[in-house]
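Engineer: Before I ask anything, let me first share the structure, which is written out below as structure tokens.
The values are calculated or read from the model by the stated rules, or taken from the named source; none is laboratory data. Here the structure is a predicted model, which means the values were calculated and not measured. Don't worry about glycine lacking a Cβ; one is built from the backbone with ideal geometry, like all the others, and counts go over all protein chains shown.
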Amino acid sequence: MVPLLLGDQPAIALSWAYEDQARAAAASPGAALVLSEPRLSGRAWTPLVAVGRLTLVEDGDGDLFTERLLDQELRKHPPARALADSPLVRREHWWYLPRLVLLLETEQVEPVGRRDGPQDAVLAVDDGGLVVQTVRVADWDAPELALSGGPDAQGPAVLVGQEVSVPDAERWTVHATTGRYADGRLVDVHPPPTRALEPVAGLLARVRRQRALERGCVRALHAAGHR
């Protein structure tokens, strides 16, 4: 996801192909927006986590996204330029502009550790509330994961990591490991299928991926009565 600002409010603008995820996030009792990846950041960037509740805005015609968020996405996310960097391209890919905009009603902002390599990940623990911190994993392949830098919390947890190709951000793999966290360890570990950065896609794979995104967006927009 690409972090954006709608005015001074943190926002995420998901395409309609991700409607289920957007509605699930908006229905959750709490959410955390974690900015901990230094490689695509600016000079004034510092890592932080913003915690609060999400509000969903249905931008079914794409006007909100186009007028107030598109410029940010084009600067921050190079793959978006192939779909929306000119009026002509935007007309061809009209389905890319309508968005489900998640606005974070921020309750608190805290510093967080930066992720400097594949051993670093974001840990979120449900300890009567959402507790989030960047941690370092000693050995991803161990049956129980030893984590350094973890919070003073315990409960069901998810460990989220990512790999991204820099500077094009063309390949972007997010992986999640679930379990229970306490005392610096994650137990009852359920690992993801892979943590590796996705391979370079060929032309045919790129075309298929874009067509799948288009079909998902158009189907959801039609079902919601926006097109």
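Engineer: From (1) farther than 30 Å from V218 by Cα; (2) under 19 Å from the mean Cα position of the chain (by Cα); (3) in a strand (DSSP E or B); (4) not hydroxyl-bearing (S, T, Y), pick out the condition that doesn't hold for E163.
Structural biologist: Looking at each condition in turn, E163 falls short on (1).
Engineer: Please verify whether the range 187-207 includes one or more residues that are among the charged types (D, E, K, R) and surrounded by fewer than 12 Cβ atoms within 10 Å (Cβ to Cβ).
Structural biologist: no
Engineer: Has the range 90-100 got at least one residue that is at pLDDT below 95 and more than 28 Å from A26 (Cα to Cα)?
Structural biologist: No, there is no match, as no residue in the range 90-100 is at pLDDT below 95 and more than 28 Å from A26 (Cα to Cα).
Engineer: Tell me, yes or no, whether the range 139-146 has at least one residue that is under 22 Å from R171 (Cβ atoms) and modelled with pLDDT of 95 or more.
Structural biologist: Yes, the range 139-146 contains at least one residue that is under 22 Å from R171 (Cβ atoms) and modelled with pLDDT of 95 or more.
Engineer: Contact list please: Cβ distance under 9 Å, first residue in the range 53-71 and closer than 20 Å to R81 by Cβ, second residue of a type in the set (D, E) and surrounded by 14 or more Cβ atoms within 10 Å (Cβ to Cβ), pairs at least six apart or on different chains.
Structural biologist: From the range 53-71, the pairs are F65/D59; F65/E73; T66/D59; L69/D59.
Engineer: Regarding A146, is this residue in a loop (DSSP other than H, G, I, E, B) and either surrounded by 15 or more Cβ atoms within 10 Å (Cβ to Cβ) or among the small types (G, A, S) (or both)?
Structural biologist: Spelling it out, it is not the case that A146 is in a loop (DSSP other than H, G, I, E, B) and either surrounded by 15 or more Cβ atoms within 10 Å (Cβ to Cβ) or among the small types (G, A, S) (or both).
Engineer: Something else now. Looking at this structure, is A44 in contact with a helix residue (DSSP H, G or I) (Cβ under 8 Å, 6 or more places away or on another chain), free of Cβ contacts under 8 Å to residues at least 12 places away in the same chain and of a type in the set (A, V, I, L, M)?
Structural biologist: So A44 does not fit the description; no.
Engineer: Of everything in the range 6-29 that's of a type in the set (A, V, I, L, M, F, W, C) and within 16 Å of E105 (Cβ to Cβ), which residue is surrounded by the fewest Cβ atoms within 10 Å (Cβ to Cβ)?
Structural biologist: Within the range 6-29, the match that is surrounded by the fewest Cβ atoms within 10 Å (Cβ to Cβ) is A27.
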